[in-house]
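A short reminder: the numbers here are calculations on the coordinates, not readings from a lab. Note that the structure is a prediction, hence the values are computed from the model and not measured. Please note: Cβ atoms are built from the backbone with ideal geometry, for glycine as well, and neighbour counts cover all protein chains shown.
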Amino acid sequence: MIYPLLRPALFLLDAEKAHRLTIDALKLLPHGRPARPGPLAITVAGLAFPNPLGMAPGFDKDAEVPDAVLGQGFGFTEIGTVTPRPQPGNPQPRLFRLQEDRAVINRMGFNNGGLEAARARLASRKQVGVVAANVGANKDSADRIADYLTGIAAFRDLASYITVNISSPNTPGLRDLQGDKELNDLLSAIAAERQAGDPPVFLKVAPDLDESAPGRIVEAAIKHGIAAVIVSNTTITRPPLKSLHAGEAGGLSGPPLRDLAQQRLRDFHAVAKGAIPLVGVGGIASAEDAWARIRAGASLVQLYSAMVYEGPGLARRITRGLERLMRQDGFTSIAEAVGSE
């Protein structure tokens with residue numbers, strides 16, 4: 001109720017400054033109670049999620065407020081993207097609200113404080129809940145595979161799962177790791193380093209893929225023991241947009257991404273056929289959006305950009321709506337509804 005009154009003032013600020021203010025506020029405010037298992041509970045990759053709605057990476061890059069995020073009603077949260085060494089990211093401005101489209105364009109460039117700082121914050125947590133770590137490679141890295149291995153090793157004893165992010169459009173050459181040989185080399189190296197008791201590894205891919213990509217990515221993921229595929233990151237394509245910022249370079253998120261991300265999820269579900277769980281991301285802003293993604297094959301869903309426009313009550317509104325839609329359509333669990341489209 002309060003956020004619509006505050007939003008105009010927040011929107012007077014630069015988008016990145018407003019985001020920083022949000023993180024600082026979450027540090028100071030009392031945390032809500034984390035979600036508890038109920039009708040929306042689901043088990044994915046051996047992990048018990050109280051509900052299928054997660055906060056996508058990018059919001060809490062440096063693991064500053066994971067418990068505050070869980071207190072908003074999310075079933076899980078994913079910190080990062082974190083790189084081995086701190087890096088400033090791309091020059092500012094690099095984050096743009098497209099208010100007329102309720103969308104966001106970012107070219108942040110993996111700005112973060114590095115593994116040591118994020119690891120120390122996660123190690124100091126006293127609460128429980130599903131908190132994942134999203135890892136990437138430094139922009140100037142001479143060996144990107146080594147960077148991913150370093151990231152996985154850093155969080156293996158702290159994260160519920162670890163996401164290998166090869167899908168950001170804002171680090172030059174990073175999406176090349178989605179190529180057949182490059183992907184198999186990366187996933188083979190990860191598999192070789194895995195130890196007993198390690199958390200599951202998820203793989204995050206881009207929506208901007210050719211027709212053959214879903215099949216070969218799913219095949220490689222299964223071959224090398226990846227636990228789930230996250231579909232998808234932001235897009236470099238540009239559907240018709242109304243905002244003055246429409247021409248800014250970077251990854252587009254929000255409702256203009258929704259149809260592309262939904263179709264890409266369908267493409268992955270068609271080839272995966274339930275052999276590997278999928279996580280749906282991109283353009284989710286309502287319970288109906290989340291439910292459509294679940295019906296299309298997602299066991300879990302994530303959002304971020306919608307929070308900019310809808311505010312901190314969004315997670316609870318979506319989970320209430322999901323429970324209503326699940327019962328309305330005659331399902332007794334989220335797992336039962338996955339891929340039922």
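What's the center-to-center distance, using Cα atoms, between the stretch 224-299 and the stretch 160-195 in Å? Taking the Cα centre of the stretch 160-195 as reference, the centre of the stretch 224-299 is 19 Å away.
On a full-extension model of 0.36 nm per residue, what is the gain between Leu12 and Gln92, subtracting their alpha-carbon distance, rounded to one decimal in nm? Write down the numbers at each step before the final one.
Numbers: separation 80, 0.36 × 80 = 28.80 nm, distance 1.68 nm.
Length gained, Leu12 through Gln92: 27.1 nm.
Less than 5 angstrom separates the built amide H of Ala298 from those of Gly339, all sequence-distant by 5 or more or on a different chain.
Highest GNM mean-square fluctuation among Val82, Val308, Val231, for the chain modelled with Cα contacts below 10 Å: Val308.
For the stretch 3-337, with equal point scatterers placed on the C-alpha atoms only and solvent neglected, what are the log10 I(q)/I(0) values from the Debye formula at q = 0.06, 0.10, 0.11, 0.16 1/Å, to two decimals? Values, matching the q order: -0.18, -0.52, -0.64, -1.57.
Charge tally for Gln92 (other residues, Cβ to Cβ under 13 Å; Lys, Arg +1; Asp, Glu -1): +1.
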